[in-house]
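A.B. asks: Take a look at the following structure, please.
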Amino acid sequence: MAKHPVPKHRATATRGGRRYSTWKTKELKRLTKISTTVACPKCKSPRQPHTACPTCGYYRGRVVIDLAKKDTKKISKVKA
């Protein structure tokens, strides 16, 4: 039977609380980032900051996602 590592001292409630609060802070930051939106300068639709606009495909003044190619791919996959 394998021996498992055993802690030498009991973890205090303060230490556990500190660990939990760090996790909670990171989780809240992640959740607020998801809900944060900015207006696209080209089409004015809401989008997440620092990402390409899903509506028009622009990011920082240039086309990053070619939406015309995306639409043709969807049409070609449909079987009659």
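The values are calculated or read from the model by the stated rules, or taken from the named source; none is laboratory data. All values reported here derive from a predicted model rather than from experimental measurement. Positions of Cβ are backbone-derived with ideal geometry, glycine not excepted, and every protein chain shown enters the neighbour counts.
A.B. asks: Six or more apart or on different chains, Cβ under 6 Å: which pairs go from a residue in the range 49-69 that's at positive phi to one that's surrounded by fewer than 10 Cβ atoms within 10 Å (Cβ to Cβ)? Could you list them?
C.D. replies: Matching pairs, first to second residue: none at all.
A.B. asks: Kindly indicate whether any position in the range 39-58 is surrounded by 10 or more Cβ atoms within 10 Å (Cβ to Cβ), modelled with pLDDT under 85 and not in a loop (DSSP other than H, G, I, E, B).
C.D. replies: There is no residue in the range 39-58 that is surrounded by 10 or more Cβ atoms within 10 Å (Cβ to Cβ), modelled with pLDDT under 85 and not in a loop (DSSP other than H, G, I, E, B).
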